[in-house]
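Here is the structure we will look at.
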Amino acid sequence: MKLAFFDTKSYDIPGFQRYGDPAGVEIKFFEPNLNEDTVSLAAGFDAVCVFVNDTVNAAVVDSLYRLGVKAIVLRCAGFNNVDIKACQGKLRVFRVPAYSPHAVAEHAMALLLTINRRTHKAYIRTRDFNFSLQGLAGFDLYGKTVGVIGTGKIGRVFADICKGFGMNILAYDKFPAADSGLNYVELPELFAKSDIISLHCPLTDETRHIINADSIAQMKKGVTIINTSRGALVNTEDLITGIKDRKVGAACLDVYEEEGDLFYEDYSGHIVEDDKLVRLIAMPNVIVTSHQAFLTNEALDNIASTTVNNLTRFFGGNPDTSTEVCYHK
């Protein structure tokens, strides 16, 4: 099995070599993202491995098919960047549905604690021997209401963490989790009653811009919004307006809807031309991290082992239907 691995980062390589070599998977690591300009690199490979910022549109799918590629393996849970319809009858697609729900949920709570208690600002101050407490006041999480939108594994783990802080949980999901013990409500009630709203749902046509001007208008003044799922769940312009109008008290973003050309790269020596992102980062009540919620050693290990297992089972004639997102004969 020959695998073309796109958008390679240094932390990807050890795990995939550890699991790939014994399984007979020959991996070529490419630094560029997969897109229409780079798809030719996949010539001669049986499969391609892609991540969240790779572009697998219909044109790329057609090119992969013509090059003889048989499968796309995603090293992530989401697959909104893959044109699944275009893959039908051409390429099989597999994902990693649950690499570490704890990693993402814990990062969401870390963001909330940081923005609330201003620990990032306190750290910078004390490095300069400034021990003033001015402007560092937060609020108790105990007794606050958190609205959890999306109650898959990550959403439920986040809810459990919030329960440990003594918070009240309201939940929304199109498909409520049976026997979860969560208090499910409709979105208008969740928006109206939540002090904190955390997004843990996939990006679909229904959930795109679920946070927008209309939904923000229904929220409590001073609400904190957390997004560790997909950037396009939030209408960025509407979020900025909500913050400027003091309706949104804080935002914690590990994802951004136009992150594809920026996240995972070092632009510290460049002028970033994305004005919306620049405005967000400049706001004192906003934290932006670069899609790192998944990044724990345990998650990286699970991603590598599951992805290699998806490959070996597919090419062995026994595909794992629990991880497959494009079925065809």
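At-a-glance table
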quantity	calculated
Total charge dipole magnitude, the chain, about the Cα centre, Cβ charges on Lys, Arg, Asp, Glu only, Debye to nearest 20	720 debye
For the chain, the longest site-free run once GluC sites (Glu not before Pro) in DSSP loop states with at most 16 other Cβ atoms within 10 Å are removed	37-185
Extension gain (nm, one decimal) between Met283 and Lys28, 0.36 nm per residue minus Cα-Cα	87.7 nm
Net charge of neighbours whose Cβ lies under 15 Å from the Cβ of His120, counting Lys and Arg as +1 and Asp and Glu as -1	+3
Accessible-area composition of the range 1-157, carbon plus sulfur, in percent [1.4 Å probe]	53 percent
Matching label, P(r) over Cα pairs in 20 Å bins from 0, in percent computed from the structure shown, candidates [x] 33, 60, 7, 0; [y] 30, 55, 16, 0; [z] 30, 50, 18, 2	[y]
In nm, spacing of pseudo-spin labels at Phe129 and Asn183 (7 Å Cα→C-beta vector)	5.0 nm
Gain upon complete extension [Asp62, Gln292; 0.36 nm per residue less C-alpha separation]	79.7 nm
Mean residue ellipticity (222 nm) of the chain, computed from DSSP H runs ≥ 4 via -39,500 (n - 2.57), nearest 500	-9500 deg cm²/dmol
Pairwise centroid distance, computed over Cα atoms, of the range 72-106 with the range 237-299, Å	23 Å
Cys326 long-range amide H proximity, modeled H, under 5 Å	Val93
Selection of chymotrypsin sites (Phe, Trp or Tyr not before Pro), the range 158-227, meeting DSSP coil and at most 15 other Cβ within 10 Å	Phe165
Point-to-point label distance, Asp275-Ile84, nm (Cα→Cβ direction, 7 Å offset)	3.6 nm
Entries of Lys193/Lys276; Lys153/Lys276; Lys2/Lys85; Lys2/Lys90 with Cα pairs more than 23 Å apart	Lys193/Lys276; Lys153/Lys276; Lys2/Lys85
Total charge dipole magnitude, the range 143-195, about the Cα centre, Cβ charges on Lys, Arg, Asp, Glu only, Debye to nearest 20	120 debye
Span-like helix ranges in the chain, DSSP H, alpha carbon extent 18 angstrom or more, Kyte mean at least 0.5	101-117
Residues of the chain: accessible area per residue with a 1.4 Å probe, Å²	48 Å²
Heavy-atom accessible surface of the range 281-329: percent carbon and sulfur, 1.4 Å	51 percent
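The values are calculated or read from the model by the stated rules, or taken from the named source; none is laboratory data. Nothing here was measured: the structure is a model prediction, and the numbers come from that model. When we count neighbours, we look across all protein chains shown, and the Cβ atoms used for this are built from the backbone with ideal geometry, even at glycine. To get the accessible areas, we keep the full protein, side chains included, count just its heavy atoms, and leave off ligands, DNA and RNA. Shrake-Rupley method; radii C 1.70, N 1.55, O 1.52, S 1.80 Å.
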